[in-house]
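For reference, the structure I am asking about is given below.
The values are calculated or read from the model by the stated rules, or taken from the named source; none is laboratory data. None of the values given here were measured: they were computed from a predicted structure. Reconstructed Cβ throughout: ideal geometry from the backbone, glycine too, with neighbour counts over all protein chains shown. Note: accessible area is taken over every heavy atom of the protein model, side chains too, but ligands, DNA and RNA are not part of it. Shrake-Rupley method; radii C 1.70, N 1.55, O 1.52, S 1.80 Å.
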Amino acid sequence: TNAKGAGESDAKLALTLGAQGGGSERVELAFSARLAAGWTARTTYTYADYRFRDFAKGGSDLDGNQEPNVPLHAIGAELRYDSPRGMFAVLALRHFSDLEVDDENVGESDGATLGELRVGYRYQRGSLSVEPFVSVRNLSGARYDGTTRPNAAAGRFFAPFNAVVLDGLAGDHG
């Protein structure tokens, strides 16, 4: 749905629903709006309840267990400023809920809320755009598992991560 308000502001709402039978369901909701010249806001929410059906492992019936490595809830919010000269800045917040790390649903990785500040420059040439940027992630220093290895041997599911990260380049063609 698109809505055009006063002046230059506009808003977009997207909703995706999915059901795969056997109890697996997905809902994705995204909203974005231009707040003022150069300013945009975006929020997203995903509910992903993926469950096994007709699944056995090692003689155990795992029917109805949650699939590992997929958070049930994920929420994001972003405020972005784009200057007329190509510079941009983004302040983002992301939360994801606990997730199962094995088929048996015995191990679990804690969810976390992470903040990010990103600045960069947008180069545009025809339909090609490139955005080199620097970002500082995990502004609050939350301890979370940056990588999980579903069904890892000897219970080594986790690769804890709480460092601030600086990185680099995004692009688009089309």
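Which order do Arg149, Arg80, Arg51 take by accessible area at a 1.4 Å probe, largest first?
Numbers: Arg149 115, Arg80 35, Arg51 80 Å².
If we order Arg149, Arg80, Arg51 from most to least accessible, we get Arg149, Arg51, Arg80.
Would you please give the residues with an amide H less than 5 Å from that of Phe55, counting only those at least 5 places away or on a separate chain, with H modeled from the backbone geometry?
Amide H neighbours of Phe55, under 5 Å, 5+ apart: Leu62, Asp63.
Okay, next question. If ligands, DNA and RNA are left out, what is the accessible area of Leu93 with a 1.4 Å probe, given in Å² to the nearest 10?
Accessible surface of Leu93 is approximately 100 Å².
Count neighbours as other Cβ atoms within 10 Å of each site's Cβ, and list the GluC sites (Glu not before Pro) in segment 77-124 that are DSSP loop with at most 16 such neighbours.
Filter output for segment 77-124: Glu104.
Between Glu25 and His73, what length in nm is gained on full extension when 0.36 nm per residue of separation is reduced by their alpha carbon distance? Please report the intermediate quantities before stating the final value.
Values: separation 48, 0.36 × 48 = 17.28 nm, distance 1.19 nm.
The Glu25-His73 span can extend by a further 16.1 nm.
Across segment 80-92, in residue order, what do the Karplus-derived ³J(HN,Hα) couplings come to in whole Hz, using 6.51 cos²θ - 1.76 cosθ + 1.60 with θ = phi - 60° and x for Gly and Pro?
10, 10, 10, 7, x, 8, x, 5, 9, 9, 9, 10, 10
Give the accessible surface of segment 21-82 per residue, rounded to a whole number of Å², with probe radius 1.4 Å and ligands, DNA and RNA excluded.
Here the per-residue accessible area is 58 Å².
Just reorder Arg125, Arg42, Arg143 by solvent-accessible area, largest first, 1.4 Å probe, all chains present. Write out the running numbers ahead of the final one.
On the way: Arg125 190, Arg42 115, Arg143 160 Å².
The ranking, largest first, comes out as Arg125, Arg143, Arg42.
Accessible surface of Leu79 in the full protein assembly, 1.4 angstrom probe, to the nearest 10 Å²?
Counting only protein heavy atoms, Leu79 exposes about 70 Å² to solvent.
Hey, another quick one. Can you give the FRET efficiency for Tyr45 and Ala142, using 1/(1 + (r/R0)^6), R0 = 22 Å, r = Cβ-Cβ distance, to the nearest 0.05?
For Tyr45 and Ala142, the calculated efficiency is 0.65.
While we're looking at this one, here's another question. To the nearest 0.05, what FRET efficiency results for Ala14 and Val119 with a Förster distance of 35 Å applied to their C-beta separation? Provide the component values of the computation, followed by the final result.
On the way: r = 27 Å, r/R0 = 0.77.
The calculated FRET efficiency here is 0.85.
Shape of segment 23-128 from its Cα gyration tensor (a ≥ b ≥ c, root eigenvalues): rounded if a/c is under 1.5, otherwise prolate when a/b > b/c, or oblate?
Prolate is the answer for segment 23-128, as a/c is 1.5 or above and a/b outweighs b/c.
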